[in-house]
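Working notes, structure below.
The values are calculated or read from the model by the stated rules, or taken from the named source; none is laboratory data. Everything quoted here is computed from the prediction, not taken from an experiment. Please note: Cβ atoms are built from the backbone with ideal geometry, for glycine as well, and neighbour counts cover all protein chains shown. Just so you know, the surface numbers come from the protein's heavy atoms only, side chains and all, with ligands and any DNA or RNA stripped out. Shrake-Rupley method; radii C 1.70, N 1.55, O 1.52, S 1.80 Å.
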Amino acid sequence: MSFEVHILGSNSAAPAHGRHHTSQILHIQDLQIMIDCGESTQLQMKKYGLRKNRLSHIFISHLHGDHFLGLMGLLSTMHLNGRKTDLYLYGPVGLSEIIQLHLKYANTRLSYQIHFRELKGDQSEMILDHPKITVQTIPLQHRIPCTGFLIKEKPKPKRLRKEKVTELGVRDINILKKGEDVIDETGKLKFKNSEYTLPAKRSRSYAYCSDTKYNEDILPLVKDVDLLYHEGTFLHDNLERAEATFHTTAKQAGIFAQKANVGQLLIGHFSNRYKELHPVLEEAQKEFKNSALAEEGKIFTIEE
């Protein structure tokens, strides 16, 4: 079962050097989820063959334009394409009002329903409890309310031993996958779980930390995740600028990843001042070796 992070945009304030505004698509089992939706996101989806109408949930971290200005265009295109399936949208205070104003003055009534959940921003909260995943917010320190997102797979059922499946009925299979023994009508043991199953595959996790100052307060939330996205807008020689604009350096992102004991670090949200990104990557890797650039078109897979 898949768990992939597909990068659509990696730049900060303005598009530059062939890089676009922040947006990512997550493929988790049969779910397709979007995190942030900067300008040109739907064009990037088309470029990489990603179907808009497969999106079920969209998460917006904050209301700076490079993280949400592509949203209205995406919502409108899905309407023009005749979408009927409900869409679940999560974002900060004000986002719903912005959308409603667009629709009001365009005299548009969408062909599908949006279920909107407003994020608190100043505290962590569970915002999605889906049969397959949970999503929890990560409070970030930025100039305006901003949240990251922690996505975790729920525990998976045990796997059946293939060579034993022919002996089992549907009821037996369902019981064994729960980790239980199968007992017959007389109370006698019919199938012992340990003899017919293998351990469940592990559940995977992804943490998304967009615009924020370096903040160790959130380390407990992201500790031990398989994959961490953390902004690294500036090189460390621009630390003063990073702190003034409530951003993080690549070095700080690497230090944070090391302290959080994550599996892999992705850095993004690059400043326009950096045409070449090798120095950014090298700075992060000095602190945390397993670091990578979250560049357009790259797909990062978390294995089971």
Worksheet, complete the sentence: Most packed first (mean Cβ within 10 Å per residue), the peptides 234-240, 275-281 order as 234-240, 275-281
Worksheet item: Given that compact globular proteins tend to follow 2.2 N^0.38 Å, what is the ratio of the alpha-carbon Rg of the stretch 255-300 to that value?
Response: 1.14
Item to complete: For the stretch 94-102, take each phi angle, set θ = phi - 60°, evaluate the Karplus expression 6.51 cos²θ - 1.76 cosθ + 1.60, and give the result in whole Hz per residue in order, putting x for glycine and proline.
Response: x, 5, 4, 5, 4, 5, 5, 5, 4
Discussion item. Let's test this: bin the Cα-Cα distances of the stretch 100-251 at 10 Å from zero up to the farthest pair and state each bin's percent.
Written reply: 9, 24, 19, 19, 15, 9, 3, 0
Fill in: Accessible area of the stretch 229-304 divided out per residue, in Å², using a probe of 1.4 angstrom
45
Fill in: the stretch 22-132 - percent of accessible surface contributed by carbon and sulfur, probe 1.4 Å
49
Worksheet, complete the sentence: Percent relative contact order for the chain, counting Cα pairs under 8 Å at least six residues apart, stands at 17
Practice prompt. Give the long-range amide H neighbours of V262: residues separated by 5 or more places, or on another chain, with amide H under 5 Å away, using H modelled in the peptide plane at 1.01 Å from N.
Written response: D224
Worksheet item: When ranked by the protection proxy of mean other Cβ atoms within 10 Å per residue, highest first, what sequence do the peptides 81-93, 145-157 form?
Response: 145-157, 81-93
Worksheet item: ³J(HN,Hα) across the stretch 271-282 via Karplus (A = 6.51, B = -1.76, C = 1.60, θ = phi - 60°), whole Hz, x for Gly/Pro?
Response: 5, 4, 5, 10, 6, 9, 9, 4, x, 5, 5, 4
Practice prompt. Compute the acute angle (0 to 90°) between the alpha-carbon long axis of helix 71-80 and the principal axis of greatest extent of the alpha-carbon atoms of the chain; round to the nearest 10°.
Written response: 60
Worksheet item: In the Gaussian network model of the chain, springs joining C-alpha atoms below 10 Å, which of S271, S194, S205 carries the largest mean-square fluctuation?
Response: S194
Worksheet entry | Most mobile listed residue (R171, R117, R273) in the chain, GNM with C-alpha springs under 10 Å | R171
Practice prompt. Would you mind checking the stretch 202-218 for residues with the amide N under 14 Å from a putative spin-label position 7 Å along Cα→C-beta of Q141?
Written response: 211-218
Worksheet, complete the sentence: For the stretch 1-156, dividing by residue count, accessible area per residue (probe 1.4 Å) in Å² works out to 44
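Suppose the chain between Y48 and D86 were pulled fully straight at 0.36 nm per residue; how much longer would it get relative to their current alpha carbon spacing?
Fully extending the segment from Y48 to D86 adds 11.3 nm.
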Practice prompt. Report, by chain and number, residues whose modeled amide H sits under 5 Å from the one on F270, excluding near sequence neighbours (fewer than 5 apart, same chain).
Written response: N11, S12
Item to complete: Would you please state which residues of the stretch 75-106 a label at Y112 would reach in this model, taking the label point 7 Å out along Cα→Cβ and a backbone N cut-off of under 12 Å?
Response: 75-89
Practice prompt. Would you mind putting 95-101, 56-62 in packing order, based on average other-beta-carbon counts within 10 Å, highest first?
Written response: 56-62, 95-101
Worksheet item: Taking only the alpha-carbon atoms of the stretch 38-191, what semi-axes of the equivalent ellipsoid follow from 5 times the gyration tensor eigenvalues under a square root, in whole Å, largest first?
Response: 43, 20, 14
Item to complete: Mind pulling the per residue volume of the convex hull built on the Cα atoms of the chain? Å³ is fine.
Response: 162
Worksheet entry | Gain on full stretching of the segment that runs from E276 to E180 - 0.36 nm per residue minus C-alpha separation | 29.0 nm
Worksheet item: Can you list, largest first and rounded to whole Å, the semi-axes you get for the stretch 60-116 by taking the square root of 5 times each eigenvalue of its Cα gyration tensor?
Response: 18, 12, 11
